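Chemist: Got a structure here, written out as C-alpha cells. Questions coming.
The values are calculated or read from the model by the stated rules, or taken from the named source; none is laboratory data. In this text the structure is predicted, and so the values were computed from the model without any measurement. Heads up, the Cβs are rebuilt from the backbone with ideal geometry, glycines too, and the neighbour counts pull from every protein chain shown. When the accessible area is computed, the model is the full protein with side chains, heavy atoms only, and any ligands, DNA or RNA have been set aside. Shrake-Rupley method; radii C 1.70, N 1.55, O 1.52, S 1.80 Å.
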Amino acid sequence: MPEFRQNFATKEWVIIATERARRPDSFSHNPGERRNPPPFDPQCPFCPGNEEKTPAPVFQISQNGRWALRAVTNKFAALREDMDTQRSHVGLFLKAGGHGIAEVIIETPAHDLNPATMTPECFRNVVEAYRNRYNSISRQEKVELISVFRNHGPRAGTSLEHPHSQIIATPIVPPHIRDPIFQARVAYDTFGSCIYCEMLAEERRQKERVVMENDLFLAYCPFASRSPFETRIIPKVHHSSFGRIDDQEVTAFAQILQEVLKKIYIGLDNPDYNYIIRSAPVSESDVKHCHWYTVIAPRLTTPAGFEMGTGIFINVSYPEQCAQFLRDVKT
Ligand SMILES: [Zn+2]
Ligand SMILES: [Zn+2]
C-alpha cells in the first residue's frame, strides 16, 4: 500500500509508492554506460601541466613538491564577486546584482579517480579543503549562504570529468532553505531541543535505516527519503555550521562519507549522484536549533510533473531496504 511519510524536521511529505516499489538491487545500471576516463587528459584544464588555464589557487595542498589539491575561483560561474547586492525594482518586481563567490576544488591531479577510488589521505584533503574554503568565504561581508557540493556524472549535472567539488556562496537565503530553519526554530521554542539531534537519536534507536556509524557521525537513509538510496550523514556533536568542525571531525567525516560513497559505487555500479553539505546561514553559525548535515542523492530516478507540481516526491523504494542493501555491501 502506498503511504505518505513526513520529514520530522522540515514537515515536508513524501510518498513511498509500494505498488511501484522496486528491489534495491534492480537499480544498478548497465556498466557499459560509463566510459573509463584516462589517468591523464592533455586537454583537461584541471590536469597537471595545464595550471595556467585556471586562475591562481586560493588554497593548495602540496605533497612531495607537487600539488595534491588545488582550489581555484570558478571562471565560468553564474555569480561574480565584484557585483553588489543592492536591490532595485523593475516596476513591481525586485532584482539585485548577481553577487556571489564560486570556487572549484580540484581534488587530485589524477584525472580518473573519484571519492570511491581515491586514497583515504586524498579524500581527507578534500574535506580539509571544504572546511578551509567554507571558513575563509564565511568571513566575506556580503555572503550569507555557503553551499559545498559535488556532482558526479552527467545525470548529476557535471560537465568536466576531472574529479572536482564546488562551493557557491550567495547573499540570498531562498525560502526552501529558510523554511526548514524556521521549523527547527519552532521545534526548539516548543521542546527546548534541536530537532536534528532528536532525529539522530531516534534513527539510532530504530536502527533499521542506519547504513553505518563511527564515533562522530551517523549515516542513514531517512524515514521520509525523497528518492531511492538518499543517504544522510549527520554529526553526533551539535554544530549548526559545517565550518565549526574540528580536526578529529574532519577525519571522521571524510572516513564515513568516503565509505558510504564506496558502498554506492560498488553496490549500485557507479551511479551518477550529487551530494551537498547543508549548513546554517553564516549569521546563524552558532545557534542551538540548526544542525548541519550532508545529503547524498544517487540519480536513479527522474522527478516528473507530479514532483514539480506538488513538491511531494514519490520514492519507489523503501528506505529500510535501501539501508539494509548498503549495510551489506562489502567495501
Ligand atoms: Zn583532468
Ligand atoms: Zn543538533
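Chemist: Can you give the Rg and Dmax of the range 267-331 based on its C-alpha atoms, in angstrom?
Modeler: 15.8, 41
Chemist: Here is a follow-up. Structure shown: which of Lys142/Lys207; Lys142/Lys262; Lys288/Lys330; Lys11/Lys236 lie over 32 Å apart, alpha-carbon to alpha-carbon?
Modeler: Lys142/Lys207; Lys142/Lys262; Lys288/Lys330
Chemist: Moving to a separate point now. Tell me, what is the percent relative contact order of the range 74-192, built from C-alpha pairs under 8 Å that lie six or more residues apart? Kindly include the intermediate steps, with their values, before the conclusion.
Modeler: On the way: 144 pairs, mean separation 31.9, N = 119.
Here the relative contact order equals 27 percent.
Chemist: Using alpha carbon centroids, what distance separates the range 87-116 and the range 248-325, in Å?
Modeler: A separation of 20 Å, based on Cα centres.
Chemist: Using the Kirkwood radius over Cα pairs, work out the Stokes-Einstein diffusion coefficient for the range 174-288 at 4 °C and 1.567 mPa s, in µm²/s as a whole number. Intermediate values should be presented prior to the final figure.
Modeler: On the way: Rh = 15.4 Å.
It diffuses with D of about 84 µm²/s by this estimate.
Chemist: Under 1.5 on a/c is rounded, so check that first for the range 237-287, then, if it is not, pick prolate when a/b is larger than b/c and oblate when it is not; a ≥ b ≥ c are the square roots of the alpha carbon gyration tensor eigenvalues.
Modeler: Numbers: a/c = 4.31, a/b = 1.95, b/c = 2.21.
Judged from the Cα gyration tensor, the range 237-287 comes out oblate (a/c at least 1.5, b/c at or above a/b).
Chemist: Return the Cα extents of the range 183-223 along principal axes one, two and three, sorted largest first, each rounded to a whole Å.
Modeler: Over the range 183-223, Cα extents along the principal axes are 31, 21, 14 Å.
Chemist: Based on DSSP H assignment, which helices of the chain show an axial Cα extent of at least 18 Å together with a mean Kyte-Doolittle hydropathy greater than or equal to -0.5? Walk me through the numbers before you get to the answer.
Modeler: Details: long enough: 120-138 (27 Å, -0.88); 175-191 (23 Å, -0.32); 247-267 (30 Å, 0.22).
Helices meeting the span and hydropathy rule in the chain are 175-191, 247-267.
Chemist: Using a ≥ b ≥ c from the Cα gyration tensor of the range 225-312 (square roots of the eigenvalues), is it rounded, prolate or oblate, where a/c under 1.5 gives rounded and otherwise the larger of a/b and b/c decides, a/b for prolate?
Modeler: Details: a/c = 3.22, a/b = 1.32, b/c = 2.45.
It is oblate, given that a/c is not under 1.5 and a/b is not larger than b/c.
Chemist: For Met308, Met199, give the ranking by accessible area with the largest first, probe 1.4 Å.
Modeler: From most exposed to least exposed: Met308, Met199.
Chemist: For the range 1-115, report the convex hull volume of the alpha-carbon atoms normalised per residue, in Å³, without decimals.
Modeler: Numbers: hull volume 31.4 nm³, N = 115.
It is 273 Å³ per residue.
Chemist: Loop only per DSSP, at most 12 neighbouring Cβ atoms within 10 Å: give me the GluC sites (Glu not before Pro) in the range 232-331, ordered by residue number.
Modeler: Values: sites: Glu249, Glu259, Glu284, Glu307, Glu320; in loops: none.
Passing sites in the range 232-331 do not exist.
Chemist: Under unit Cβ charges (Lys, Arg +1; Asp, Glu -1), what dipole magnitude, rounded to 20 debye, does the chain have relative to its Cα centre?
Modeler: Values: 38 positive and 39 negative charges, 64 e Å.
It comes to approximately 300 debye.
Chemist: Which ³J(HN,Hα) values in Hz, rounded to whole numbers, follow from the phi angles of the range 92-102 under the Karplus curve 6.51 cos²θ - 1.76 cosθ + 1.60, where θ = phi - 60° and Gly and Pro get x?
Modeler: Coupling constants for the range 92-102: 7, 8, 9, 9, 8, x, x, 6, x, 10, 10 Hz.
Chemist: For Lys236 and Glu19, compute 0.36 nm times the residue count separating them, minus their Cα-Cα distance, and round to one decimal in nm. Walk me through the numbers on the way to the answer.
Modeler: Details: separation 217, 0.36 × 217 = 78.12 nm, distance 3.57 nm.
So the chain would gain 74.5 nm between Lys236 and Glu19.
Chemist: Please work out the average accessible area per residue across the chain, using the 1.4 Å probe convention, and give it in Å². Could you put the intermediate results ahead of the total?
Modeler: On the way: 16150 Å² over 331 residues.
In whole numbers, the chain has 49 Å² accessible per residue.
Chemist: Could you tell me which of rounded, prolate or oblate describes the chain, using a ≥ b ≥ c as the square roots of the eigenvalues of the alpha-carbon gyration tensor, with rounded for a/c under 1.5 and, failing that, prolate when a/b is larger than b/c and oblate otherwise? All intermediate terms of the calculation are to be shown ahead of the outcome.
Modeler: On the way: a/c = 1.45, a/b = 1.12, b/c = 1.30.
Rounded, because the longest to shortest axis ratio a/c is under 1.5.
Chemist: Another question about this same structure. Assuming a viscosity of 1.306 mPa s and a temperature of 10 °C, what translational diffusion coefficient in µm² per second does Stokes-Einstein assign to the range 115-202, Rh being the Kirkwood radius over Cα pairs? Walk me through the numbers on the way to the answer.
Modeler: Values: Rh = 16.0 Å.
Estimated via Stokes-Einstein, D reaches 99 µm²/s.
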